[in-house]
Amino acid sequence: MAQVLTFIGKGGVGRTTMAIAAAKRLAQQGERVLLACQDPSPVMGLRLGQPLGITPVAIAPNFEAVQFSAPALITQAWEEVKAREAKYLRFPVLKNVYGQELGLFPGMDVALALYAIRGYNLSSNYDVIIYDGAGDLNTLRTLGIPETGSWYIRRFRNVMLESDLGKAVAPFIQPITSAVLNISWSWDNFANQPTEETQELLNEGRNAIADPQRVLAYLVTDEQPEAIALAQYYWGSAQQVGVSVGGVLWNRVNPSAEQVKDFLPIPSTSLPTLPGENWDALLAALPNFRDTDHIPKPLTIDTTARQVKIFLPGLTKNQVKLTQYGPELTIEAGDQRRNIFLPPPLTGQPVKGAKFQDHYLIISL
């Protein structure tokens, strides 16, 4: 499996420059690299000296690049949706709806890009896939789709099964599914197979996000106070979706000791100005993107100590809210919510106390 590497930070701080530099550096080290660009404009092609398309093109030894096209990606994804429908329905209803005519809603392009990256990952053609996207909160939320989607399926399926409506329609499930589907379900195993397939896909994504050797982000900032503040905010927001942050890249600036301290325990790397197209000095200054041993875990659950520790750097105590509805804990921080499913013997245990200490929210059960 490849490592997916992305860069987050304020627009204009040099995220795309970092993506290109990382691709060049890793390719020179013998890694098979794919640089995946979200921007459909010709800018990336101009910077790489070669036009890009919707299929990977060779830029240098071990270095390929691709430019995502949302209309092309939705067409491809729709064909997979129709194939899945045909697998279950005896008389498919989507066969006369074509991917080439589908419109795009806001945010769909990023989700489609993530699905495309999964496909490139499964191809085993690459050791590292560098995603040059918007590098903002929407990017982080998209990376959190496996976690959020898994919760929605688990929670709402149980709600339906336990509801009065569910019990009322239960006797009709078997005859209806036998008539319209290629398989027969009872209420006890209602939608088990497609639900399990979806859960397996989401769990695959959750496991990848939780492993910094599979998914890793780096913060990029310059000397602007706004850029630094936003990098800190994105750092905490990344933890809410389980994305590991390997360090801070200070583009064209030497950070002060106080600024470096604000981002501890992750390291800060000062990078020189890129003079023209001479990349050598910049490449030499880059950190080792494969070194992930120093990265704090976003979530640690200690059943023996009956504690849950959530790493929430860049956020203050007033920006973090803890609630408990039912057996799960809900953490609201960084304009996002994260539901934590507790393992036995902590399942359903009430919160006895919580404190915010050294970037960690420590919850006692």
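The values are calculated or read from the model by the stated rules, or taken from the named source; none is laboratory data. Note that the structure is predicted; figures quoted are calculated from it, not measured. Here the Cβ is made from the backbone with ideal geometry for all residues, glycine too, and neighbour counts use every protein chain on show. Heads up: the accessible areas ignore ligands, DNA and RNA and are worked out on the full protein's heavy atoms, side chains in. Shrake-Rupley method; radii C 1.70, N 1.55, O 1.52, S 1.80 Å.
For this structure, a couple of remarks:
- Residues of segment 285-302 classified as under 26 Å from residue 331 (Cβ atoms), open to solvent by 30 Å² or more (accessible area, probe 1.4 Å) and in a loop (DSSP other than H, G, I, E, B), total: 3
- The one condition from (1) under 25 Å from residue 134 (Cβ atoms); (2) open to solvent by less than 50 Å² (accessible area, probe 1.4 Å) that residue 114 does not meet is (2).
- Taking segment 266-284 as the range and being without any contact (Cβ under 8 Å) to a residue 60 or more places away in the chain, assigned to a loop (DSSP other than H, G, I, E, B) and open to solvent by 30 Å² or more (accessible area, probe 1.4 Å) as the test, the residues that pass are 267, 272, 273, 275, 276, 277, 278.
- The residue list 36, 65, 58, 70 contains one member that is surrounded by fewer than 22 Cβ atoms within 10 Å (Cβ to Cβ) and within 21 Å of the chain's Cα centre (by Cα), which is 70.
- Every residue from segment 27-44 that is assigned to a loop (DSSP other than H, G, I, E, B) and more than 22 Å from residue 134 (Cα to Cα): 29, 30, 31, 32
- Against the numbered list (1) within 19 Å of residue 122 (Cα to Cα); (2) without any contact (Cβ under 8 Å) to a residue 40 or more places away in the chain, residue 59 comes up short only at (1).
- Matching entry among 261, 309 (being surrounded by fewer than 17 Cβ atoms within 10 Å (Cβ to Cβ) and either without any contact (Cβ under 8 Å) to a residue 60 or more places away in the chain or not β-branched (Val, Ile, Thr) (or both)): 261
- Lone unmet requirement of (1) open to solvent by less than 50 Å² (accessible area, probe 1.4 Å); (2) at pLDDT 95 or above for residue 199: (2)
- Selection over segment 45-70 of residues that are assigned to a loop (DSSP other than H, G, I, E, B) and in contact with a helix residue (DSSP H, G or I) (Cβ under 7 Å, 6 or more places away or on another chain) gives a count of 6.
- Among the residues of segment 117-132, those identified as surrounded by 21 or more Cβ atoms within 10 Å (Cβ to Cβ) and out of contact with any Asp or Glu (no Cβ under 7 Å at 6 or more places or on another chain) are 117, 126, 129, 130, 131, 132.
- Segment 352-365 - residue that is open to solvent by 60 Å² or more (accessible area, probe 1.4 Å) and part of a loop (DSSP other than H, G, I, E, B) and, of those, farthest from residue 297 (Cα to Cα): 352
- Options 254, 318; residue that is more than 27 Å from the chain's Cα centre (by Cα), within 20 Å of residue 230 (Cα to Cα) and not in a strand (DSSP E or B): 254
- Verdict on residue 221 being at pLDDT 80 or above and open to solvent by 60 Å² or more (accessible area, probe 1.4 Å): no
- Annotation for segment 328-351: at least one member residue is open to solvent by 60 Å² or more (accessible area, probe 1.4 Å) and over 27 Å from residue 146 (Cβ atoms).
- Out of 26, 94, 46, one residue alone is crowded, with 21+ Cβ neighbours inside 10 Å and of a type in the set (A, V, I, L, M, F, W, C). It is 26.
- Matching residues, segment 202-218, being surrounded by fewer than 19 Cβ atoms within 10 Å (Cβ to Cβ) and either modelled with pLDDT of 85 or more or at positive phi (or both): 210, 211, 213, 214
- Residue match in segment 135-153 (condition: under 16 Å from residue 3 (Cβ atoms) and either modelled with pLDDT under 80 or crowded, with 18+ Cβ neighbours inside 10 Å (or both)): yes
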